[in-house]
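Everything below concerns the one structure shown next.
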Amino acid sequence: MRDSLPCTFAQPPTEGDCEGILAWHIGAGRFGDVELDGLNVVALATFEGNIWAGAKADMAMFVDERADESQREALQAIWSGQAGGWPGAFGEMIANVRGMEFARIDFEIDDDLGSWRVEIPGKLLGEAEALTGPTAAQGARRHGLDDG
């Protein structure tokens with residue numbers, strides 16, 4: 001990966017290609033009767049062209065090593081798209097999964113959702129700060145659909 005990325009999420013790449021980290025932390029959730037609270041999934045992605053106009057990505061997936069066997073199966077079913085829903089549609093953007101690995105994933109999220117940090121020691125480090133926008137109050141971050 002490069003030090004600076006040639007694209008912004010949900011925008012066409014400025015130089016034709018894009019590389020990035022996608023990270024999910026499950027605060028509370030379940031798949032059937034399998035609890036997934038506190039687990040993490042991280043993907044490294046690369047693609048050429050505009051993924052929002054049909055380009056396909058190559059990805060490497062990392063699943064939280066703390067997951068037991070039933071949780072691992074659930075997370076793989078969800079993020080492979082087999083379970084349908086949004087991850088199923090997300091899966092349609094993937095051309096190749098270059099591998100799936102169980103790893104230690106250190107994930108930190110500010111209480112106010114203002115920033116997050118994810119690290120897989122020796123493999124990746126990602127950090128982000130929440131954006132403001134036209135639907136957020138002056139000086140505030142937009143957190144979700146139901147916060148005005």
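Structural remarks
- Taking only the C-alpha atoms of segment 7-74, the Rg (one decimal) and the largest Cα-Cα distance, Dmax (whole number), read 15.1, 45 Å.
- Dipole magnitude of segment 22-138 about its Cα centre (Cβ charges: Lys, Arg +1; Asp, Glu -1), debye to nearest 20: 440
- Packing, taken as the mean count of other beta carbons within 10 Å per residue, orders the peptides 37-44, 117-124, 76-83, 95-102 from highest to lowest as 37-44, 76-83, 117-124, 95-102.
Read-outs throughout are calculated quantities, based only on the coordinates presented, and are distinct from any laboratory measurement. All figures in this text were calculated on a predicted structure; none of them were measured in a lab. When we count neighbours, we look across all protein chains shown, and the Cβ atoms used for this are built from the backbone with ideal geometry, even at glycine.
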